[in-house]
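In what follows, a structure is listed as structure tokens, so that the remarks can point back to it.
The numbers here are math on the coordinates, done by the rules we state, and not lab data. Just so it is clear, the model here is predicted, and its values are computed rather than measured. All Cβ positions, glycine included, derive from the backbone under ideal geometry; neighbour counts span all protein chains shown.
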Amino acid sequence: MFLTTLPLFCLAAKISAQTSVTTTTTTNSTVSFTQAGLDLYDAHKYKEAISQFNNAIKENPKDGKAFYYRGMSKMHDGQKGFCKDLEESLDLGYSQRSDIYYYGCQTVDDKKKK
């Protein structure tokens, strides 16, 4: 019995190791895209920053920080749709409702009350 379960155990350990490496790589690339976007945002290069935040969100759709700063970049660049990104960052727990109100946005809950 022991000899037949050993190969399965080794295979499971190998798959587990590969999965954790992939997860770490994705997390690191997401952080890299977000940081690159923040650097561009700080340099007032909003179009380029949006591109980096798009990459970060594509890698990790739960990156509230990337949504927040993509929205801020869109706002500073005069693009529409920035409120949607700010609201998504609120839903993901990155920003606060007061952040959204400050920039003249309404949340879905506000719209439902009307």
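In whole percents, the pair-distance distribution calculated for the range 34-114 from its alpha-carbon pairs, binned every 10 Å from zero, is 22, 52, 23, 3.
Sort the range 51-92 into rounded, prolate or oblate with this rule: let a ≥ b ≥ c be the square roots of the eigenvalues of the Cα gyration tensor; rounded if a/c is under 1.5, and if a/c is not under 1.5, prolate when a/b is larger than b/c, oblate otherwise. Cα axes put the range 51-92 in the oblate bin.
Phi-derived couplings, Karplus 6.51 cos²θ - 1.76 cosθ + 1.60 at θ = phi - 60°, listed residue by residue for the range 32-39: 4, 5, 5, 5, 4, x, 5, 4 Hz, with x used for Gly and Pro.
A simple rule links phi to the HN-Hα coupling: the Karplus curve 6.51 cos²θ - 1.76 cosθ + 1.60 with θ = phi - 60°, which for the range 74-89 gives 4, 4, 5, 8, x, 8, 7, x, 5, 4, 4, 5, 5, 5, 5, 5 Hz, with x for Gly and Pro. Using R0 = 30 Å, the C-beta based FRET efficiency linking TYR103 and SER32 works out to 0.65.
Taking each residue as 0.36 nm, the span from ALA43 to LYS80 lengthens on full extension beyond its C-alpha to C-alpha distance by 11.2 nm.
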